1. Sort through 256, 239 and tell me the only one that's modelled with pLDDT of 75 or more and either buried (at least 16 other Cβ atoms within 10 Å of the Cβ) or closer than 29 Å to residue 56 by Cα (or both).
2. Taking the options 176, 268, name whichever one is closer than 26 Å to residue 39 by Cβ and at pLDDT 90 or above.
3. Looking at (1) outside any loop (DSSP other than H, G, I, E, B); (2) crowded, with 18+ Cβ neighbours inside 10 Å, which one does residue 222 not meet, given that it meets all the others?
4. Filter segment 54-82 down to residues that are free of Cβ contacts under 8 Å to residues at least 60 places away in the same chain and part of a helix (DSSP H, G or I) and give me whichever is farthest from residue 205 (Cα to Cα).
5. Give me a count of the residues in segment 66-81 that are surrounded by 13 or more Cβ atoms within 10 Å (Cβ to Cβ) and farther than 14 Å from residue 188 by Cα.
6. Within the set of pairs 6 or more residues apart or between chains, which connect a residue that is touching a residue at least 12 places away in the same chain (Cβ under 8 Å) and at positive phi inside segment 33-53 to a residue that is part of a helix (DSSP H, G or I) and surrounded by fewer than 22 Cβ atoms within 10 Å (Cβ to Cβ) with Cβ atoms less than 8 Å apart?
7. Looking only at segment 83-110, count how many residues are under 10 Å from the mean Cα position of the chain (by Cα), closer than 12 Å to residue 264 by Cα and in a helix (DSSP H, G or I).
């Protein structure tokens, strides 16, 4: 897989993205606690992002920029990316609604492993030895962070899993689909213009979410001012971070350097504690830091 060294400037930019994405999910939890459902959150966030990015693309078009004509394969890939991102968005927000935000994002941030797996299955790009070594370490860290063994909660495995299972399942589904998005982006459409690609992807996601919402009884708007603030902030933070993500990562090597974004769960744990009162036990912090440290080291290793 194609990667380049990560400069300090790029590293700082990716860490900023991690904080922005974590803030988006904190805002989403606030919105969903005040009447917004998952599909409405995805639709509002995606359509607002598509509108803003669409304006930027139109301004660039007037200034003389032109996107080269896409091949049939690239159009099929863009359609697939839009569908995958719609699934990923709905699954991740469903996980955030069921788990403490930081823990949901910690499970989701196994996506670098899924990206490497997707590249291997689709393009026969074999995972590096470091990735294989990191897998059991990350799984052990997740077991501690989720308190599967009941070390801090005192609950047995069955009871603990009954409380966490659905949320963890949604987070894993989101991680798998997003890993596939990164693999496809890197190998199929990395040469396309970043803002234009973001506009098409978000337009597809927004249209799909809106269609599902209208087919299922309509959009569910906030029932309190806090919900409106949450909905506005999740749209702003996600839209800004998403556009930066799909502009930067293909140039940096999306599959190889995406683990730097795994600072996101730590930021979410801190913000969740400060803003939502979602505290975690010391052993869970240890597990979270083990996961984050492993994937960051994986992304910054020498090649």
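The values are calculated or read from the model by the stated rules, or taken from the named source; none is laboratory data. Keep in mind that this is a model prediction, so the values were computed, not measured. Note: ideal-geometry Cβ built from the backbone for every residue, glycine included; neighbour counts use all protein chains shown.
1. On inspection, the qualifying residue turns out to be 239.
2. After ruling out the rest, the residue left standing is 176.
3. So the condition that residue 222 fails would be (1).
4. Looking at residues that are free of Cβ contacts under 8 Å to residues at least 60 places away in the same chain and part of a helix (DSSP H, G or I), I get 62.
5. 1
6. 35/227
7. 2
Residue-wise test of (1) under 16 Å from residue 89 (Cβ atoms); (2) surrounded by fewer than 17 Cβ atoms within 10 Å (Cβ to Cβ).
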site: 165; (1), (2): no, yes
site: 179; (1), (2): yes, no
site: 187; (1), (2): no, no
site: 194; (1), (2): no, no
site: 202; (1), (2): yes, no
site: 212; (1), (2): yes, yes
